[in-house]
Amino acid sequence: LKMSWFWFYLPLHLLTVACLCHSIKAPTTSSQRSFKTNLFNFYHSLILADGKETTVHLLKDIPKRYYFVLEEGRALAPFTITVTPCDVPIEWSILVHKASASFLGKAARGDHDTQEVSKSQKAPSMVSTIFNYKGNSVETYMGMSSHSALYMLEFLSTERDTHITVYLTTDTTSGHLYPELPMDPRIDVIGIGHTTVTLTWKHSPSVLQHRENIQYCLLVNEKHNYKSLCAAETAIRSSGMKLPPALALSLSPYLLEPQQVMILSNSELSIINKVSSGEVRQICMGTKNTYTVPNLSPSTQYYFDVFVVNLLTNASAAYTGTFARTLEEPEPKVMELKDGKVIQVVLDEKKQKFYSLQYQARHKKIQFTFQLCRGQVRVHITKNGKTMASENISGLRYFSLKGKLLDTYLVQLRSTEESNSSVKVQVSPHFHKPLFPLLPESLKIKSFSKLRTCNSVTIAWLGTQEESKYCVYKKRIEEDQAWMELQSADRCSGPESRHKSEKVLCKYFYDINLQRAVTSETIKGLNAGTLYLFDVYLFGPSGIPIRYHSKVVKTRKKC
């Protein structure tokens, strides 16, 4: 305790010496002037700025102190202090020294003499602790002083190095740095679905008064609630990624990190941070106080925090966080698979994201065939409850399995994209003739830049050792259509979905030597400087087509 008072009195004695030096009119040497300068610089570095948010960095077990003075001449001097811990709980307290305050007020103005200094030094000192707190909540102290006083704020972190923000103001008439919270700052959960949670909260008085400068931002995560936006940002940074400042939540432009995904729709900004403990989502929705959080996982507990943000000062206030658990996913419908029959399953993000297929084996060896038509699909196959295969499929994929007669196989299909996905599925005895044609090593179409002219394009593709039919189609497209055409292509659709005018040719081709199993075609009669989409379809003995990856080529503008 004696040591604590020593640290409190130290700046007072330094100030006393500084003021004595200031009052002496005799000539001073350069070393004396340097001493006085360093002394005043030390003193002023301890002063807490009025009306400004100050970031304070704390080292573990090392207290840090700041001072401020309430000057005399004001009848009742109100002041508020807001401390925001940005990580671990801290200890902080406010101490007041009343006896030397009048001297300090005069010392700051320089209107004193040696006699007054002497009296002030002899005056009885009164030091008292008027407030102390330990925790990680945002805490505000509101005080009123009827006389001049010197105040000290002491901060201590006992867990680890951390940082906090401190805001002192003696002007309570010019508005608030922090947005105001309503009398009831709770977040209400008014709806829970399998993948959605609907929240509502009472409006902040600041939104009603300064709508254009205030907005709400929502934080969603699977770990716990955060008591401040500062604490949330610190937690995300500690997960090994950089986070833009809080103002980035207010639709300010910035560069996203590789672990971040930004989604902007309907004037709402969603930032998804990929961290080790799962996703942390930040959603800013303007001044709406009801929001439905989409794209959540079923049967998962989420924590929700709402912050009201002042876009001008970047300061924020936190509502009381809440949590909710999404509903369990309903059991998907089970469809029976029959030998040799091909079915196409459409996985709709909104209606049905999961699909289950069941098959009872009539042979010991069977083969599942999957052809991905659109999107991304994950396949999970179990036999009598035991997992046999689980992976994301692309193109054409075969699974050959061995078991006993009457074994029960369950195939679960799940879309891994937000857009619709579709896949063709077939199961057949292993010894049956394959329904799908033999595939080449690659389904890519190659174009030759040097062979391009203003009215022709040369393309090539790989074939197989099995004689098959190949049909080439072309389609004229605009520059801004290329990406959409490639993304939305249904890889299971055959030439029957194409216009007759798009057909270029059909040919049969094969080669026993796979290294020579390549063919090319020069498509003529094209327009100069025009973009074309080329497709090649491969037909096997069963007649089911396989579509090569589409190729976009532009003819030369000048020849």
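The values are calculated or read from the model by the stated rules, or taken from the named source; none is laboratory data. On a predicted model such as this, the values are computed, not experimentally measured, just so you know. A quick note on method: Cβ atoms are made from the backbone with ideal geometry, for glycine too, and the neighbour counts reach across all protein chains shown. When the accessible area is computed, the model is the full protein with side chains, heavy atoms only, and any ligands, DNA or RNA have been set aside. Shrake-Rupley method; radii C 1.70, N 1.55, O 1.52, S 1.80 Å.
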| task | Could you check, for the range 218-225, whether at least one of its residues is over 13 Å from the mean Cα position of the chain (by Cα) and modelled with pLDDT under 80? | result | no
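So that you can scan it fast, the table gives a plain yes or no per residue for (1) in the same structural domain as VAL536 (by the TED database); (2) open to solvent by 50 Å² or more (accessible area, probe 1.4 Å); (3) closer than 23 Å to SER493 by Cβ; (4) in contact with a strand residue (DSSP E or B) (Cβ under 8 Å, 6 or more places away or on another chain):
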{"site": "ARG362", "(1), (2), (3), (4)": "no, yes, no, yes"}
{"site": "ILE381", "(1), (2), (3), (4)": "no, no, no, yes"}
{"site": "LYS386", "(1), (2), (3), (4)": "no, yes, no, no"}
{"site": "ILE393", "(1), (2), (3), (4)": "no, no, yes, yes"}
{"site": "TYR398", "(1), (2), (3), (4)": "no, yes, yes, yes"}
{"site": "LYS404", "(1), (2), (3), (4)": "no, yes, no, no"}
{"site": "VAL411", "(1), (2), (3), (4)": "no, no, yes, yes"}
{"site": "GLU417", "(1), (2), (3), (4)": "no, yes, yes, no"}
{"site": "SER422", "(1), (2), (3), (4)": "no, no, yes, yes"}
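Residue check: is THR287 open to solvent by 10 Å² or more (accessible area, probe 1.4 Å), in a loop (DSSP other than H, G, I, E, B), at pLDDT 90 or above and of a type in the set (Ser, Thr, Tyr)? Walk me through how you get there before you give the answer.
Numbers: open to solvent by 10 Å² or more (accessible area, probe 1.4 Å): yes; in a loop (DSSP other than H, G, I, E, B): yes; at pLDDT 90 or above: yes; of a type in the set (Ser, Thr, Tyr): yes.
Spelling it out, THR287 is indeed open to solvent by 10 Å² or more (accessible area, probe 1.4 Å), in a loop (DSSP other than H, G, I, E, B), at pLDDT 90 or above and of a type in the set (Ser, Thr, Tyr).
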| request: Take the range 355-408 and flag every residue that is assigned to a strand (DSSP E or B) and hydroxyl-bearing (Ser, Thr, Tyr). | output: TYR355, SER356, TYR359, THR369, THR382, THR387, SER390, TYR398, SER400, THR408
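Residues THR313, THR320: which one is farther than 24 Å from THR200 by Cα and open to solvent by 40 Å² or more (accessible area, probe 1.4 Å)?
Numbers: THR320 fails: farther than 24 Å from THR200 by Cα.
THR313 is the lone residue from the list that is farther than 24 Å from THR200 by Cα and open to solvent by 40 Å² or more (accessible area, probe 1.4 Å).
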| When residues of the range 188-204 are filtered for being within 23 Å of ASN314 (Cβ to Cβ) and open to solvent by less than 40 Å² (accessible area, probe 1.4 Å), how many remain? | 2
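Based on what the data block shows, is ILE187 modelled with pLDDT of 90 or more, under 17 Å from CYS217 (Cβ atoms) and in a strand (DSSP E or B)? Show your work before the answer.
On the way: modelled with pLDDT of 90 or more: yes; under 17 Å from CYS217 (Cβ atoms): yes; in a strand (DSSP E or B): yes.
Taking the combined requirement at face value, the residue satisfies it.
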| field | Verdict on LEU208 being modelled with pLDDT under 95 and within 30 Å of THR300 (Cβ to Cβ) | value | no
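Is there a residue in the range 415-426 that is hydrophobic (A, V, I, L, M, F, W, C) and more than 23 Å from HIS363 (Cβ to Cβ)? Break it down into steps so the answer makes sense when it comes.
Step one: list which residues in the range 415-426 are hydrophobic (A, V, I, L, M, F, W, C), which gives 423, 425.
Then drop every residue that is not more than 23 Å from HIS363 (Cβ to Cβ), which leaves 423.
Yes - at least one qualifying residue is present in the range 415-426.
Take LEU312 and tell me if it is in a loop (DSSP other than H, G, I, E, B), modelled with pLDDT under 90 and not assigned by the TED database to the domain that holds GLU417. Walk me through how you get there before you give the answer.
Working: in a loop (DSSP other than H, G, I, E, B): yes; modelled with pLDDT under 90: yes; not assigned by the TED database to the domain that holds GLU417: yes.
In short, yes.
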